[in-house]
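Report on the structure given below.
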Amino acid sequence: MADSRYVQGLDGLLGAMKQLPAEIVSKNGGPARAALARGARRMRDEVRANAPKRSGFLETQIVAMRSRQPQAYGGSELYSVGVKGGARARYANTRRNRGKGRVGQTYEKPSNAYYWRFQEFGVPSRNIQPLAFFRRALRKLADPVIDQFAVDLRQALDRITRKLRRS
């Protein structure tokens, strides 16, 4: 499901960011953080709007997340939109768990919306048709979000350079 896009035409903005002092560009993620966060929130809202609404639980589990280690993916900032879940808890070292041999093993918490995959991709063997709510939002908003990111980043860089000129 991971879909990446290579963005061209931001060379001028990236050059402007490299000319700024490092303490300004990297402070709390710099100007790119706010621009990326805004785009991720916009994409998250569109995915939520497309999501099936039987109980509303799936809609609450769709989130925009900031990566703790964007350098691992070759960037300085990274946001992603996805469904909460996948976090696994460990069985505690209690008498009951020791007796059942579960200590140290993991289990999936019941609060995650694991079924989003079935609704997104479908299950042919169960005759469940794919709804493609994630992919539909990505196709609809990919280019507008990238354009808005460029505008937001340009405005933030202009604001920073004006501030630096005054001081």
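The values are calculated or read from the model by the stated rules, or taken from the named source; none is laboratory data. In this text, all values refer to a predicted model and were calculated from it rather than measured experimentally. All Cβ positions, even for glycine, are placed from backbone atoms using ideal geometry, and neighbour counts span all protein chains on display. All accessible areas refer to the heavy atoms of the entire protein, side chains included, with ligands and DNA or RNA removed. Shrake-Rupley method; radii C 1.70, N 1.55, O 1.52, S 1.80 Å.
For the reader, a short list of remarks on this structure follows.
- Residues in region 48-57 that are in contact with a helix residue (DSSP H, G or I) (Cβ under 6 Å, 6 or more places away or on another chain) and either surrounded by 18 or more Cβ atoms within 10 Å (Cβ to Cβ) or in a helix (DSSP H, G or I) (or both): 3 in all.
- Count of region 139-155 residues which are in contact with a Lys or Arg (Cβ under 9 Å, 6 or more places away or on another chain) and hydrophobic (A, V, I, L, M, F, W, C): 5
- Which numbered condition A87 fails, given (1) open to solvent by less than 60 Å² (accessible area, probe 1.4 Å); (2) over 30 Å from R159 (Cβ atoms); (3) of a type in the set (A, V, I, L, M, F, W, C): (1)
- Restricting region 90-112 to residues that are under 28 Å from R135 (Cβ atoms) and without any contact (Cβ under 8 Å) to a residue 40 or more places away in the chain leaves a set whose member that is least open to solvent (accessible area, probe 1.4 Å) is S111.
- For R139, the requirement of being open to solvent by 50 Å² or more (accessible area, probe 1.4 Å), over 29 Å from N50 (Cβ atoms), part of a helix (DSSP H, G or I) and not hydroxyl-bearing (S, T, Y) is not met.
- Top-ranked residue of region 142-151 - restricted to ones that are closer than 15 Å to M43 by Cα and aliphatic (A, V, I, L, M), ranked as most open to solvent (accessible area, probe 1.4 Å): I146
- Qualifying residue in region 84-101 (condition: of a type in the set (S, T, N, Q), modelled with pLDDT of 85 or more and within 24 Å of L141 (Cα to Cα)): no
- Tally, over region 71-84, of residues that are open to solvent by 60 Å² or more (accessible area, probe 1.4 Å) and touching a residue at least 24 places away in the same chain (Cβ under 8 Å): 2
- Check on R154, under 21 Å from L36 (Cα atoms), part of a helix (DSSP H, G or I) and open to solvent by 40 Å² or more (accessible area, probe 1.4 Å): yes
- Selected residue (criterion: farthest from the chain's Cα centre (by Cα)) from residues of region 58-90 that are within 19 Å of Y114 (Cβ to Cβ) and aliphatic (A, V, I, L, M): A89
- Criterion violated by R68 - all others in (1) surrounded by 12 or more Cβ atoms within 10 Å (Cβ to Cβ); (2) outside any helix (DSSP H, G or I) satisfied: (1)
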